[in-house]
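Report on the structure given below.
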Amino acid sequence: MVIQGWSGVNVGEDDNPSKNPVLSKVRGHQRVPSGSQEFKDLTKRDALEQMKNDIERLVSTVPEAQREATKKELDGFSSLFERYLQEKGPSLSWNDIQKLPENAVRDYASLETPSTEDARNMLEKLVVVKLNGGLGTSMGCRGPKSVIPVRSDLTFLDLTVQQIEYLNKTYKVNVPLVLMNSFNTDADTQKIIRKYKGVQVEIYTFSQSCFPRIEKESLMPVPKDCHVEKNLEAWYPPGHGDFYESFSNSGLLKKFIKQGRKFCFLSNIDNLGATVDLNILNMLLKSNSTSEFLMEVTDKTRADVKGGTLIQYDNKLRLLEIAQVPKEHVDEFKSVKTFKFFNTNNLWVDLEAIERVVSEGGLNMEIIINHKSLGNGTNVIQLETAVGAAMKAFNHSVGLNVPRSRFLPVKKTSDLMLVMSNLYDLNHGSLIMSPKRMFPTTPLIKLGDAHFAKVKDFLSRFANIPDLLELDHLTVSGDVTFGRGVSFKGTVIIIANHGDRIDIPAESLLENKIISGNLRILDH
């Protein structure tokens, strides 16, 4: 039997290394066994080299006029992939987390309200950016999530445009709205925004990057060419952390800086509480302010235990996500006492600082590894980043503890139920909690996935949305329907067991009730 040595020398199994200097030399330089660090480093170098070749091949499939832009975009992917291969172990040491300095998180109540004239001058220095890359598939809807009707037949996008138009008319200013789309939402969004032509809001759009998914085992890109629309499943938008690079590449960043704009206010389009706040803008534009980055945080409740939080690390304020937490410290991370705040993803960032950080390549955001399976069963990974993780790259970053009303996301139909209800009044596109509600907190609502997860199914089960003004907690599971004019108070739990059905009659008042089993009361 003859074994092919790594250097190309034929090695017989009976040869004695001590008597054969060539053999001794070959075996001394053989690759070490699988599982060792050297082997891992070697395979990573191979994977990086192969990926560079594959990216060049992908770029070559693009028409020449688009190649430079495509190469620039995929260079961002290559940089992310290289960091992914090089990183060893956790991105931070748990024991090195420092206590938050006294002024790291300011209280919203301490902010001053600017005069009307000051507010007008400040608004001329603002750009509003909405993250609009998500689809409505998790709620059973097609197309961009931003076009799901949430209140009075108005969509997330309608409400956002209404808010900014009201601001522009009230203060006689021209605050622009910028939508960061993904390749999933861009075409539909372009068609939809045509209806706002008569509205007093300048709307700009740009697309975040489009990166190739990576085969988990081979670490090779899934797509064979750059014809994204022909194989959508092979590509992905790399998380909202891509905002900074894509905003810069779009040319809009430079355009707004030239206009004299100073800050952008960035938030998720499905957070209906994320409206322009003049007190925050005033704080940032004061002559003595040096903050380049402000993150709105709010008090953590038991419903928010998985949300990112603020920490001090290496003498800088930064975002800590649950994915970065060692398993043995997850309970500590979830503790409301240890980490009191969580990130709302409402961010205020200095435009010139974004330009500086991007040009210096200083973002270095933690990589989120997202595991997926394709329709054909192939296991893939996609490398993503979170927009708030860039906090550590900016100077004098600060947290601001804002009221809970500034965090009103709609991720599930249970959230939709809240914003469609009488808990909120609609005022120029903004949702304001009803003064009739006795408590400042929102009720906790849990709706069973099997019957309520999709918007269409959810709406079919309510003749109209019940009165929630005095509700604390609602749990509904199973085949349950509701008549018109139902009211909930206190804690209400309704469980229809498998095979059973519960119909709540019109005008029912349920206060501190548990209903289970089978109940059908039909209107006559």
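The values are calculated or read from the model by the stated rules, or taken from the named source; none is laboratory data. These numbers come from a predicted model, not from an experiment. Here Cβ is always computed from backbone atoms with ideal geometry, including for glycine, and neighbour counts include all displayed protein chains. Heavy atoms of the whole protein, side chains included, go into the accessibility calculation; ligands, DNA and RNA do not. Shrake-Rupley method; radii C 1.70, N 1.55, O 1.52, S 1.80 Å.
Each of Gly140, Ser434, His240 was scored by the projection of its Cα onto the charge dipole of the chain, and the greatest displacement toward the positive side belongs to Ser434; charges sit on the C-beta of Lys, Arg, Asp and Glu.
Note on exposure: Val330, Val486 ranked by accessible area (1.4 Å probe, complete protein assembly) read Val330, Val486, with the most exposed listed first. Fully extending the segment from Glu87 to Leu154, taken as 0.36 nm per residue of separation minus the present Cα-Cα distance, adds 19.6 nm. Dipole of region 295-386 computed with +1 at Lys/Arg Cβ and -1 at Asp/Glu Cβ about the Cα centre; of Val358, Gly377, Leu319, farthest Cα towards the positive end is Gly377.
If the reach is capped at under 14 angstrom between alpha carbons, list the aspartates and glutamates near Lys489, excluding any in the same chain fewer than eight residues apart. Once the sequence-local aspartates and glutamates are set aside, what remains near Lys489 is Asp467, Glu470, Asp472, Glu507, Glu511. Over the chain, dividing the summed -39,500 (n - 2.57) contributions of all DSSP H runs of at least 4 residues by the number of residues returns a 222 nm mean residue ellipticity of -8000 deg cm²/dmol. Once the chain from Ala453 to Glu233 is taken as fully extended at 0.36 nm per residue, the excess over their C-alpha distance is 76.8 nm. Per atom type, the chain shows carbon and sulfur on 49% of its accessible surface, probed at 1.4 Å.
Each Lys and Arg contributes +1 and each Asp and Glu -1, all at the Cβ; summed about the Cα centre of the chain, the dipole is approximately 480 debye. Dipole magnitude for region 44-97: about 60 debye, using +1 per Lys or Arg Cβ and -1 per Asp or Glu Cβ, origin at the Cα centre. Normalised by residue number, the volume inside the convex hull of the Cα atoms of region 42-86 is 46 Å³ per residue.
Dividing the Cα radius of gyration of region 413-516 by its Kirkwood radius returns 0.96 for Rg/Rh. Per residue, the accessible area of the chain comes to 51 Å² when a 1.4 Å probe rolls over the protein heavy atoms. Using only alpha-carbon positions in the chain, the gyration tensor eigenvalues give semi-axes of 46, 31, 24 Å once each is multiplied by 5 and square-rooted (largest first). Answer with one residue from Leu219, Phe263, Pro101: the one whose Cα lies farthest towards the positive end of the charge dipole of the chain, charges on Cβ with Lys, Arg +1 and Asp, Glu -1. Sorting the options by dipole projection puts first Phe263.
Secondary structure note: in region 88-183, about 40% of the DSSP beta bridges are antiparallel. If both residues of a DSSP beta bridge must be in region 413-516, then about 15% of such bridges are antiparallel. Which links in Lys172/Lys454; Lys71/Lys316; Lys340/Lys411; Lys262/Lys372; Lys327/Lys372 stretch past 29 Å when you go from one Cα to the other? From Lys172/Lys454; Lys71/Lys316; Lys340/Lys411; Lys262/Lys372; Lys327/Lys372, over 29 Å: Lys172/Lys454; Lys71/Lys316; Lys262/Lys372. In this rough spin-label picture, where each label sits 7 Å from Cα along the Cβ direction, the Met438-Ile369 distance is 5.1 nm.
By DSSP, the beta bridges lying fully in the chain are antiparallel in about 45 percent of cases.
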